[in-house]
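Below is one structure, written out as structure tokens; the observations come after it.
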Amino acid sequence: MRGFRFIRGTMWSVTRPLLQECTLTCYRLLSAMTQAVPPILSVTPSRALVDEKFQVLVENLPPGCPVTLCSLHRSEDKDDWEAYGHYVSDHRGVVSVSEDLSFGGTYTGKEPMGLLWSMRPVPGSRKGLRLRKINVCTPMLVNISVHSGHEGFRDRTPLASALAERWYMAPGVKRIDINKQGVQGTLYIPPGPGPFPALLDMWGGGAGLLEYRSALLASRGYVSFSLDYLWSEYLSADVEFKYFETAFNIIRNHSQVIPDRVGILGSSLGSMVAFDLTAYSTIIKPRCIVCISSNHYHPPGTTLKAGFKILSKHFHKAHFDENNHMSWRSFALDLIADPSNNVEVGRINCPMLLVNGCDDQNWPTVETAEEVARLLREGGKEHLLSRLAYPGAGHLIEPPFSPHFRATKFIILNSKEKVILLWGGHTKAHSDAQEDSWRKILSFLQLHLYHSPSVKANL
Amino acid sequence: MDRKQCCVKLSVQPSRGLMDEKFIVLVQNALPGSQLTIRALHQCEDGHSWEAFGHYTADTTGTINVSEDPSIRGTYSGVEQMGLLWSLRPIPGSKPGLRMRKKNIQTPMEVTISVYQGHQTEGFADLVPLSGVVVERWYMAPGVRRIPVTEGGLTAALFLPLGPGPFPGLLDLYGLGGELVEYRAALLASHGFASMAIDYLTSKFTIETGKMVDRQYFETAYRVLQQHPQVCKSRIAMIGLSFGTSITLKMAIYSEIIKLSAAVCISGTHVQPVDGSVEEILRFPYKNVGKTRFSEKDEVICRDLMLPIPTDPSLKADVGRLQCPLLLLVGEDDQNWPTQESALNIKEMMAQAGNSHLLTVLSYPNAGHLIEPPYTPHTRSSNFRPAGMPEKVMCLWGGQTVEHSRAQEDAWKKILVFLRENLYGDRNPTLFSHL
């Protein structure tokens, strides 16, 4: 990597004056052109699901012209997020983001979706922001524009713009608020007669109820229930456990769900619930489980909130990086070293997919996955397990093309204290992990929830 | 419910597309070798239901890919990626003479695509599909704005692409049916042209005064478009279908004010009284109303009303005087207007005048009169009431569905290329020669 930078630096000092000359010529041409016609910018498809790729094409530029492609999104919290790449048009005056290389910006190289995954808050924004869509019935609007030149592109009005709609919900997906038998959450149902395989979908702590993954899963053919489980104080661990079993049964008994094809997808704290339910429940049997950013820490007999209180007693041991971002990884590693603190994952009898980032600074998820593998191996059940561990990826493994958040604001559940938690990950590697893992998660779910043969440990 | 085939997965990508975009319809997880029917259902704005279907056999992996696999029979057959759209027709038992045209282009056309067990041909309403998805087809890309235009007495709608512009402009005219037909202009704006759809037969002016508009109306439209800050003054074209062609040629050739960079004439003729008002041009064919013929189904065939092509130059727009490129689209099975004969004559006239380098003729065998944006269902005949006439007649437009649909797809591609070259194209190639 260092070698590459040196070469680039040398090349830069040679090509820079040439580029400046080229840029000036292009400015003249472009300003002459803007009196005539602008370049043509197209994004295809202009309306897509968030996990679908698009092609960004600029035509009708002067040949060999330096331009910057920029994306801009105003979030529901009214923060502005942007990404950009520096390009040079070919002899036909075309820039194709899918085919050409970006020479700088928030991403470099050949990155068809770089304008989305490399987004970050615009300079001057509040710190520790995270981009998450709350209202999934409307699309995420991304304005893509092309500007002349590279440096200082922001000072110039765009030459052309296009608007891309990115949807979590496919047409025909239904959204239903659930408040039944004490269970709260949101159910997403795919279009069509059904019945469908289904998923209990659980996020981690500190986020509130996030529905977008369930909406996307429904758009991919699964009834998906985004469960709200951190809003209440449970009397005991048993009562809390029953809440999750009830939630699972609500899905299982739904008229549009195939009862023996219900799985669990959990991330972070949600993955712990997935392990817990699957290992200990006598009344529910998930057909398969997916655990993203795997966590199996659950001191026996504790509610989640109580467990969290125990965790917070270790915060003084937390490591703070050079930016004062808090990492739980190292003290968590000590905690899970004691198996009595953890879910007995060796009891699990269904196929499992574990998805983790090797640069996870929040939780020792890769070590957790190792431990799960070891315990299953002891029980002769290692064939049930698939593990994906991505170098350079952090804790927040989201659907593809979502921006990467290395550290974000977090409100400690019990104390309401605000910190900036270090999740980890390096943007390019993390984004590749998001793209690759989603495809593999869908493929795993399709195999176990859609295909006829069922894979059971006792066969 | 047939449980043997549970969990058949149907997907359409993209699930939201523009009207001229293709999609991929995929069935997965079916029983290998099983017979399946894929069907599209659409309820149009007037409440009529339209359907299309194809019979398929799943391969050894239990997959059907409509882009690669043939439909054995149905409303389309063979490998037809978009057959589920272009072969849509009113469901059995519908009123005859229906035509699908979207009025509100700010909402999408919704199509439900489903897969059924077996090879079904009817009674779909009583069957439960194995799987179904909803697909949205849009005339307007995100960011395109619709601006109603009433300036200067116009009844029009301007569709502006997103961005600073300036954009080349387009004046968009449909035919004798009148009303404000917006869908093509909206779609053209989605491709980067500031497009103004114009109602020139049932405009507010005509409704209120009972009088037909004349040349000034179109010249006003041109001026309003030209003066818009986001429109390129010197790059304006006109596109017309049917009678819209007559207006387009009249303006392109004879207007002192309208200076077009290009003209697209679909299913039209140059036969018109040269010195006639718009009203006179409109009434001209009716002088020969006796030449109306009827098909065996009693559909009205109007193509002979303007035949033979006159030799008298005062009865034909003088295409030899055209100074802008002209793209002429002809359906060779047009039963409504003599477009093929007109095209031949236009070619001759321009060859004689020495400006035939401006002319491109696209002539499609077995295509009919209504050459619309791609995947629009083919209408061979429909109940039609020309604006100002008291009654509807069953009008034969012509065309055979498969060839007509291919023609629409090809024509649209070529119209976009033609418009892009002439409106976005560089007029000064020397500017870039040193790069």
Report yes if B:Ile371 is part of a loop (DSSP other than H, G, I, E, B) and under 16 Å from the mean Cα position of the chain (by Cα), otherwise no. yes
What pairs come up if the first residue lies in the range A:189-210 and is within 12 Å of chain B (Cβ to nearest Cβ), the second is in a loop (DSSP other than H, G, I, E, B) and of a type in the set (Gly, Ala, Ser), and their beta carbons are under 7 Å apart, counting only those six or more places apart or on different chains? A:Pro190/A:Gly221; A:Pro191/A:Gly172; A:Phe196/A:Gly221
So, restricting to strands (runs of 3 or more DSSP E) that lie completely within the range B:11-66, which ones have at least 1 residues that are under 12 Å from B:Val115 (Cα atoms) and under 29 Å from the mean Cα position of the chain (by Cα)? B:24-28, B:35-43, B:49-57
(1) within 14 Å of another protein chain (Cβ to nearest Cβ); (2) of a type in the set (S, T, N, Q); (3) surrounded by 15 or more Cβ atoms within 10 Å (Cβ to Cβ): which one isn't true of B:Asn65, the others all being true? (1)
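Taking the options B:Gly169, B:Gly93, B:Gly175, B:Gly97, name whichever one is in contact with a helix residue (DSSP H, G or I) (Cβ under 7 Å, 6 or more places away or on another chain) and either at pLDDT below 95 or in a loop (DSSP other than H, G, I, E, B) (or both). Don't jump to the end; show me each part of the working.
Values: B:Gly169 fails: either at pLDDT below 95 or in a loop (DSSP other than H, G, I, E, B) (or both); B:Gly93 fails: in contact with a helix residue (DSSP H, G or I) (Cβ under 7 Å, 6 or more places away or on another chain); B:Gly97 fails: in contact with a helix residue (DSSP H, G or I) (Cβ under 7 Å, 6 or more places away or on another chain).
When all the criteria are applied, what remains is B:Gly175.
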Can you name every residue in the range B:178-198 that is in a loop (DSSP other than H, G, I, E, B), within 19 Å of B:Thr150 (Cβ to Cβ) and not aliphatic (A, V, I, L, M)? B:Gly178, B:Glu179, B:Glu182
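Restricting attention to the range B:381-389, does a residue exist that is part of a loop (DSSP other than H, G, I, E, B) and at pLDDT 95 or above? Break it down stepwise before answering.
Initial filter on the range B:381-389 (part of a loop (DSSP other than H, G, I, E, B)): B:385-389.
Still in the running and at pLDDT 95 or above: none.
Scanning the range B:381-389, I find no residue that is part of a loop (DSSP other than H, G, I, E, B) and at pLDDT 95 or above, so the answer is no.
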Which residue pairs have Cβ atoms under 6 Å apart, sit 6 or more places apart or on different chains, and have a first residue in the range A:51-66 that is of a type in the set (S, T, N, Q) and a second that is outside any loop (DSSP other than H, G, I, E, B)? A:Gln55/A:Thr44; A:Asn60/A:Ile40; A:Asn60/B:Tyr424
Flagged in the range A:184-207 as surrounded by fewer than 20 Cβ atoms within 10 Å (Cβ to Cβ) and outside any loop (DSSP other than H, G, I, E, B), in numbering order, are A:Gln184
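Looking at B:Arg101, is it touching a strand residue (DSSP E or B) at 6+ places or on another chain (Cβ under 9 Å) and of a type in the set (D, E, K, R)?
No, not satisfied.
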Return yes or no: is B:Ala343 in a strand (DSSP E or B), small (Gly, Ala, Ser) and either surrounded by 22 or more Cβ atoms within 10 Å (Cβ to Cβ) or over 18 Å from the mean Cα position of the chain (by Cα) (or both)? no
Against the conditions (1) buried (at least 22 other Cβ atoms within 10 Å of the Cβ); (2) within 21 Å of A:Val136 (Cβ to Cβ); (3) not β-branched (Val, Ile, Thr), where does A:Leu72 fall short? Just the number, please. (1)
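Which residues, taken from the range A:309-352, are part of a loop (DSSP other than H, G, I, E, B) and among the aliphatic types (A, V, I, L, M)? Before the answer, list the steps.
Filtering the range A:309-352 for residues part of a loop (DSSP other than H, G, I, E, B) gives A:313-314, A:318, A:321-325, A:328, A:337-338, A:343-344, A:348-351.
Those that are part of a loop (DSSP other than H, G, I, E, B) and among the aliphatic types (A, V, I, L, M): A:Ala318, A:Ala337, A:Val343, A:Ile348.
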Go through the range B:9-29 and report how many residues are within 11 Å of chain A (Cβ to nearest Cβ), farther than 20 Å from B:Leu416 by Cα and of a type outside the set (D, E, K, R). 8
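For the condition charged (D, E, K, R) and either within 19 Å of A:Glu245 (Cβ to Cβ) or in contact (Cβ under 8 Å) with a residue 12 or more places away in the chain (or both), what is the one hit in A:Arg156, A:Arg220?
Of the residues listed, the single one that is charged (D, E, K, R) and either within 19 Å of A:Glu245 (Cβ to Cβ) or in contact (Cβ under 8 Å) with a residue 12 or more places away in the chain (or both) is A:Arg220.
The values are calculated or read from the model by the stated rules, or taken from the named source; none is laboratory data. All values derive from a computational prediction rather than experimental measurement. Note: ideal-geometry Cβ built from the backbone for every residue, glycine included; neighbour counts use all protein chains shown.
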